[in-house]
Amino acid sequence: EKGGYEHFMIKEIHEQPKAIKDTMTSRIMSDSDEIVLDDIKLTKEDLDNINKVFIVACGTAYHAGMVGKYVIEKLARIPVEVDIASEFRYRNPIMDEKTLLIVVSQSGETADTLAALREAKKAGARVMAVTNVVGSSVAREADDVFYTWAGPEIAVASTKAYTTQLIAMYILALYLGRLNGKLSVEEFRTIRDEMLVLPEKVEKLIQNKEELQKFADKNHMHRDMFYIGRGLDGSVSLEGALKLKEISYIHAEAYPAGELKHGPIALIDQDIPVIALATQEELFEKMVSNIKEVVTRGAKVISFALEGNTDIEQVSDQVVYMPRTISILTPILSVIPLQLLSYYVAVIRGCDVDKPKNLAKSVTVE
Ligand code: F6R
């Protein structure tokens with residue numbers, strides 16, 4: 001059932017090109033300017049009435065939501081707040097019939113996420129579910145549904161569910177932006193065409209695993225690691241750190257790189273490897289300066305950058321290059337080496353990769 005792989009997690013990492021492709025198929029197409037979403041009934045009139053979007057989720061799905069906020073605000077120009085479901089429920093959020101609540105849940109059964117959905121419905125909000133399970137509780141109770149077509153995810157650590165949730169966020173952002181007219185057709189086509197070639201780029205990244213095995217060989221004995229990035233790289237850093245924590249039990253912290261000097265840099269020394277994401281073209285120089293700050297304090301840095309941005313080599317011990325794409329789409333690519341890195345570190349440490357201690361695949365208690 002593991003299809004020749006040693007663990008479900010590595011099998012599911014390899015399934016990502018297909019999962020991403022399946023999630024785009026029949027929704028965005030190279031020869032069409034339409035976006036086809038069968039289970040979304042939201043009309044232009046509905047959208048014109050909406051003045052606020054909440055994205056609510058837990059764990060990895062919350063990290064996908066952070067990217068969702070960024071892209072919906074950028075492409076559809078609607079204010080978006082992202083919340084952790086277990087916090088959202090208890091903070092009396094301001095919602096009414098002008099609110100759109102998007103819940104993101106692989107299983108569709110997470111108790112806090114489902115409770116947030118019910119809370120929103122009670123307040124008269126429109127509710128949309130992004131889920132991987134047909135007929136799950138959130139799918140049944142939402143007004144609109146976007147199914148990710150990742151296929152069953154068995155490993156506790158989420159991989160292909162996350163990348164397909166990102167695809168869902170991009171397609172929804174394109175959809176909302178076209179529906180309310182904030183996104184031009186030219187801009188739409190540029191993003192769509194770049195999205196359609198992502199599966200090949202993900203495939204290429206998965207094949208290039210030696211560098212991550214090399215990093216794991218050298219660094220699996222460390223007790224702590226830092227992940228830094230700016231903008232969308234900051235959100236992916238959080239996801240990378242979560243993957244490492246949950247399967248390898250190494251303490252990992254993710255920080256927006258510019259925030260380091262406001263406190264956490266006090267912890268940096270030669271015993272804490274720093275994983276630096278520098279895929280955002282507009283923020284690249286700023287990231288190089290942030291990396292210098294940690295190098296000065298003795299840190300060994302592995303950087304992730306787009307092909308051609310070789311300046312990063314001057315401040316890094318190791319650089320992993322990624323195929324170029326437009327800045328908003330880089331999370332789909334940059335998370336792949338971080339998943340592999342966590343996987344190899346956990347394997348070398350002899351951890352039970354698919355069933356980490358203390359964790360369950362679906363959290364149906366509050
Ligand atoms: C981490 C992980 C969890 C889930 C979270 C939400 O790898 O899998 O953080 O993302 O428990 O689960 P769903 O998406 O089923 O609501």
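Odds and ends about this structure:
- Within the set Val295, Val347, the sole residue that is among the aliphatic types (A, V, I, L, M), closer than 19 Å to Val156 by Cβ and more than 16 Å from the ligand (Cβ to nearest atom) turns out to be Val347.
- Conditions (1) assigned to a helix (DSSP H, G or I); (2) within 29 Å of Val36 (Cβ to Cβ); (3) in contact with a helix residue (DSSP H, G or I) (Cβ under 6 Å, 6 or more places away or on another chain); number of the one not met by Lys182: (1)
- Residues of the stretch 327-352 classified as in a loop (DSSP other than H, G, I, E, B), of a type outside the set (Lys, Arg) and open to solvent by 50 Å² or more (accessible area, probe 1.4 Å), total: 2
- Residue pairs whose Cβ atoms lie under 7 Å apart, separated by 6 or more positions or on different chains, with the first residue in the stretch 138-160 and under 20 Å from Pro17 (Cα atoms) and within 11 Å of the ligand (Cβ to nearest atom) and the second open to solvent by 20 Å² or more (accessible area, probe 1.4 Å) and outside any loop (DSSP other than H, G, I, E, B), are Ala155/Phe8; Ala157/Glu246.
- Against the numbered list (1) within 17 Å of Val363 (Cα to Cα); (2) among the β-branched types (Val, Ile, Thr); (3) open to solvent by 20 Å² or more (accessible area, probe 1.4 Å), Thr190 comes up short only at (1).
- Any chance Gly68 is in contact with a strand residue (DSSP E or B) (Cβ under 7 Å, 6 or more places away or on another chain), among the small types (Gly, Ala, Ser) and within 15 Å of the ligand (Cβ to nearest atom): yes
- Qualifying positions in the stretch 305-325 - assigned to a loop (DSSP other than H, G, I, E, B) and either free of Cβ contacts under 8 Å to residues at least 24 places away in the same chain or not hydroxyl-bearing (Ser, Thr, Tyr) (or both): Glu307, Gly308, Asn309, Asp317, Pro323, Arg324
- Considering only residues in the stretch 193-222 that are in a helix (DSSP H, G or I) and among the polar types (S, T, N, Q), the one that is least open to solvent (accessible area, probe 1.4 Å) turns out to be Asn219.
- Scanning the stretch 236-256 for residues that are open to solvent by less than 10 Å² (accessible area, probe 1.4 Å) and more than 13 Å from Val345 (Cα to Cα) yields Val236, Ser237, Glu239.
- Top-ranked residue in the stretch 91-111 [being within 19 Å of Ile167 (Cβ to Cβ) and in a loop (DSSP other than H, G, I, E, B); ranked as farthest from the ligand (Cβ to nearest atom)]: Gly108
- Here Ile78 passes the criteria (1) more than 16 Å from the ligand (Cβ to nearest atom); (2) over 24 Å from the mean Cα position of the chain (by Cα) except the one numbered (2).
- For the stretch 261-281, the criterion of being crowded, with 19+ Cβ neighbours inside 10 Å and in a helix (DSSP H, G or I) is satisfied by no residue at all.
- Residue tally, condition among the aromatic types (Phe, Trp, Tyr), within 23 Å of Ser32 (Cα to Cα) and open to solvent by less than 10 Å² (accessible area, probe 1.4 Å), over the stretch 129-175: 2
- Residue list for the stretch 284-304, filter: open to solvent by less than 40 Å² (accessible area, probe 1.4 Å), small (Gly, Ala, Ser) and without any contact (Cβ under 8 Å) to a residue 60 or more places away in the chain: Gly298, Ser303
The values are calculated or read from the model by the stated rules, or taken from the named source; none is laboratory data. These figures come from a predicted structure and were not determined experimentally. With ideal geometry, Cβ positions are generated from the backbone for all residues, glycine too; neighbour counts draw on all protein chains shown. Note: areas computed on protein heavy atoms with side chains; ligands, DNA, RNA excluded. Shrake-Rupley method; radii C 1.70, N 1.55, O 1.52, S 1.80 Å.
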